[in-house]
Amino acid sequence: MPSSHPLGPFVRRFLLQHMIADRNLSLNTQKSYRDALRLLLRFVAERYGIESTQLTVEDLKAEVVRNFLLYLEKQRGSSQPTINQRLIAIRSLFHFISQCVPELVDPATQVEAVPLRKTASPTVPYLDKEEMDALLEVPDRRRPQGQRDYALLLFLYNTGARADEAAHVTVGDLNLGTSPFVTIRGKGRKTRLCPLWTHTSKVLRILLGPRLEGPPEAFVFLNVRGAPITRFGIHTLVERSGARALKAMPSLREKRVSPHVIRHSTACHLLRAGVDINTIRAWLGHVSLETTNRYAEADLEMKAKALATCAVPESGRNSDGKAAWRKDRDLLTFLTSL
């Protein structure tokens, strides 16, 4: 009879060694994987009566994982993206197990074969230029806190940084010389350089003042108590500013204003300005170009311009009898490039 393999040692090695030392995953990813496995172990203990200390790799069959996903959906009310996130963590664990013990490749492969749920791609929310301008007009720049609020909103819009990325920007990350830029440390510990507008550079210089010559590890954006602002503080600031901008821009009532919406707005506005999609991908720190392509699909203004480019008279033909689009060399070049 084949021997069983306790799951506990694999989980510990996966979380403490593989994720940290081997893959160098971010702290948020580590927590996400840890929470997924914790939920799975609790589910198995309650549903099957097997405590985590007694659980083996062989106990966690693909059918058990499928039942766990149903539990997340029916009992916990988890969304499809959240369920997929939990499943990815479990599949990663079993991939790790199969690499450690070759004889477990078969059961591990069966768990890895559990498919992700299909999810509808949500429409990318973003602010129009006038709405973004209204948001930037909210802070009272005559007051120190208003200067901080304006600088932070402008920085988010300029860089398309995530809230957590902006919260962790240090003085040493800024280069405010003749060609200003900032070093941003993003998801998965990836680093990218993002250019800063001259105006953004000037605003940051005013905000930092003497701190610009201080310790390079000091955080740029501080809260009202002088401590480093958190991503939750940035979310609160952006949402509060969105609510205050309603009076000047009623259209914001139909939109949710958040740091990530500002990030989407940066991408869409860069796209409208003619910046190529690959540059925007690097600007935002996307791993895949497919992620960035969502902005091109979402921008109704660009779609309308493309439609206008293809528009022809009702007859569809010019006086020389040729279809109008055949004489449009720019359009032909565009169609050839598709």
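Values quoted throughout were computed directly from the atomic coordinates according to the rules given, and no laboratory measurement underlies them. For clarity, every value in this text was computed on a predicted model and none was experimentally measured. Neighbour counts are summed over all protein chains in view; Cβ atoms, including those assigned to glycine, are modelled from backbone coordinates with ideal geometry.
Charges were assigned to the Cβ only: +1 to each Lys and Arg, -1 to each Asp and Glu. The resulting dipole of region 8-112 about its Cα centre is roughly 460 debye.
Applying both filters, DSSP loop and at most 14 other Cβ atoms within 10 Å, to the trypsin sites (Lys or Arg not before Pro) of region 50-114 gives Lys61, Arg76. The string of couplings for region 152-166 from the Karplus curve (6.51, -1.76, 1.60, θ = phi - 60°) is 5, 4, 5, 5, 4, 5, 5, 9, x, 6, 6, 4, 5, 5, 5 Hz, one whole number per residue in order, with x for Gly and Pro. Protection proxy ranking of 262-270, 220-228, by the mean of other Cβ atoms within 10 Å over each peptide's residues and highest first, is 262-270, 220-228. Could you tell me which GluC sites (Glu not before Pro) in region 39-94 are loop residues by DSSP with no more than 16 other beta carbons within 10 angstrom of their beta carbon? Those that pass, being in a loop and sparsely packed, are Glu51.
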